[in-house]
1. Counting only protein heavy atoms and using a 1.4 Å probe, what share of the accessible area of segment 22-195 belongs to carbon plus sulfur, as a whole percent?
2. Using each residue's phi in segment 159-166, evaluate 6.51 cos²θ - 1.76 cosθ + 1.60 at θ = phi - 60° and report the 3J(HN,Hα) Karplus result to the nearest Hz, with x for Gly and Pro.
3. Relative contact order for segment 22-195 using alpha-carbon pairs under 8 Å, separation at least 6, rounded to a whole percent?
4. Considering the values [x] 22.8, 79; [y] 17.2, 52; [z] 23.9, 96, which represents Rg and Dmax of the Cα atoms in Å as calculated for the structure under consideration?
5. Kindly sort Val84, Val105 by accessible area of their heavy atoms, largest first, with the probe set to 1.4 Å.
6. Amide H neighbours of Phe99 under 5 Å, counting only residues 5+ apart in sequence or on other chains, H built in-plane at 1.01 Å?
7. In the Gaussian network model of the chain, springs joining C-alpha atoms below 10 Å, which of Ser83, Ser140, Ser151 carries the largest mean-square fluctuation?
8. Can you tell me the length gained on complete extension of the stretch Thr180 to Lys39, counting 0.36 nm per residue apart and subtracting the Cα distance?
Amino acid sequence: MKTTDIKDIWQSKVDTKIKPYSDAELNELVVKSARKAMKTIQPGWILRLIIYAVSLYLIINLAVGNDSLGLKLIDLGALLILSVSYLIWERSARTMNKFARNSPVKEWLEYRIREVEKDIRIKSRYGILIYASAIILGFSIPFTSWLLTNSFHAITALITFSIILAFVLTIRFRFNKNYTQTLKELKELHNQLEITPE
């Protein structure tokens, strides 16, 4: 359901030709629309598939790989960072989607708006630090691996660094766009809650 439909449904309560919606049904429509808006800033099935595949690769490599202790420690570190980051993101998504039926939907929506605004402020204030750290961490894993195996090549390192840089910048652009769009949709929903039937 589009967020613009909520206003029409609310106004339909005063139209005797249209079946009126109960407050519980209207609340459910608002919550459903808000959850749909927030999906773009939460882990999707493609991201989950990539994380599961990389995690499985790292686990198999740790279990049966013939790598040195140093390389195994790098794989273990990458697995821990990936797992913890993903679990925190999933927990955040569950918290944002949770709705107790007896709680006021307006307050529920206001909390989500504040949380998205807070995330945008953090990314705006610390964006350079966050994304620079992601680039350094992403590049340090293969770089350390090359050093430990004496297989460092400048061309390979440059290509790898360029791929990591492009990936992180693409993620940054997508996150900024998705968070801005989500905030806009949540605020539209909130504004429609202010509308009272005449």
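The values are calculated or read from the model by the stated rules, or taken from the named source; none is laboratory data. Small disclaimer: the values here were computed from a predicted structure and weren't measured. Glycine also receives a Cβ, built like all others from the backbone with ideal geometry; neighbour counts cover every protein chain displayed. Surface accessibility is based on the protein's heavy atoms, side chains included, excluding ligands, DNA and RNA. Shrake-Rupley method; radii C 1.70, N 1.55, O 1.52, S 1.80 Å.
1. Values: 7520 of 11340 Å².
Here carbon and sulfur together make up 66 percent of the probe-accessible area.
2. Per-residue couplings from phi come out as 5, 4, 4, 5, 5, 5, 4, 4 Hz.
3. Relative contact order for segment 22-195 comes out at 38 percent.
4. [x]
5. So, going from the largest accessible area down, we get Val84, Val105.
6. none
7. Sorting by GNM fluctuation, first place goes to Ser151.
8. So the chain would gain 49.5 nm between Thr180 and Lys39.
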